[in-house]
Amino acid sequence: MRVYVPLTLPGLAEAYKTGEVGAGPLVAYAVTPALREWYLSDDVEELEYAALSRAALASLRLLAADPGAPRRRVVVAVDVPGGQASAEPGRGLDPAALGEVRVAGAVALAKVASVHVDSAEAEADVAAAAEALRAADAGDDDAQFVVDGAEDHELLWYATQEIPNLVGLGD
């Protein structure tokens, strides 16, 4: 099962150093029955993109909680055995939890299929979105517009071999 784990660049650097993504259980996003129902599509690629987008929003929340982190959303795509990731039954149709799954334990960095990161050009919009997130959650339409502005930036795809360069540990 492909899951999308939200991180920050410092979180990605830590995963690179330890060889593991998180200590588990991890919050990740995947194509769940509730996400399928919400998105109303049978196209697997569209559903995967929706799960990736949900993880990107969760990464933005991590950035809002860590003002020292570079203002770039990070999502790692990981392949885990189907039984290792599960949705919480009671939260299936909760709009805030669409696509959310729990991964039972830490995931070896070797299981990462790809890394998705904002470009440097997105940093100003992502920074503004992280600042506006709390107000957007409280119902402020102007703040929601700012948060949505971060979503206008597509996350760039990186191979796992590029992680050292992304986190500043490469040559």
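The values are calculated or read from the model by the stated rules, or taken from the named source; none is laboratory data. In this text, all values refer to a predicted model and were calculated from it rather than measured experimentally. All Cβ positions, glycine included, derive from the backbone under ideal geometry; neighbour counts span all protein chains shown. Note: accessible area is taken over every heavy atom of the protein model, side chains too, but ligands, DNA and RNA are not part of it. Shrake-Rupley method; radii C 1.70, N 1.55, O 1.52, S 1.80 Å.
Once you list every other residue whose beta carbon is under 9 Å from the beta carbon of Pro6, what net charge do they have if Lys and Arg are +1 and Asp and Glu are -1?
+3
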Express the accessible area of the range 3-50 per residue in Å², computed with a 1.4 Å probe while the remaining protein chains stay in the model. 53 Å²
Once you keep just the Cα pairs under 8 angstrom separated by 6 or more residues, what percentage relative contact order results for the chain? 29 percent
Per residue of the range 70-87, what does 6.51 cos²θ - 1.76 cosθ + 1.60 with θ = phi - 60° give for ³J(HN,Hα)? Whole Hz please, x for Gly and Pro, Karplus curve as stated. x, 7, 9, 6, 9, 9, 10, 8, 10, 9, 10, x, x, x, 7, 10, 8, 8
Treating the chain as a set of equal point scatterers at the Cα positions, no solvent, please give the Debye-formula log₁₀ I(q)/I(0) at q = 0.14 Å⁻¹. -0.71
Provide Tyr39, Tyr158 ordered by accessible surface of protein heavy atoms (probe 1.4 Å), highest first. Tyr39, Tyr158
May I ask which residue of Leu9, Gly105, Ala51 lies farthest towards the positive end of the charge dipole of the chain, with charges of +1 (Lys, Arg) and -1 (Asp, Glu) on Cβ and the Cα centre as origin? Gly105
Given the DSSP H assignment, sum -39500 (n - 2.57) over each helix run of at least 4 residues in the chain and divide by its residue total; what's the result at 222 nm in deg cm²/dmol, nearest 500? -12500 deg cm²/dmol
For the full complex of protein chains and a 1.4 angstrom probe, list His116, His153 by accessible area with the highest value first. His153, His116
Order the following by accessible area, largest value first: Glu14, Glu45. Probe radius 1.4 Å; ligands, DNA and RNA are ignored. Glu45, Glu14
Rounded to the nearest percent, how much of the accessible area of the chain (1.4 Å probe, protein heavy atoms only) is carbon and sulfur? 53 percent
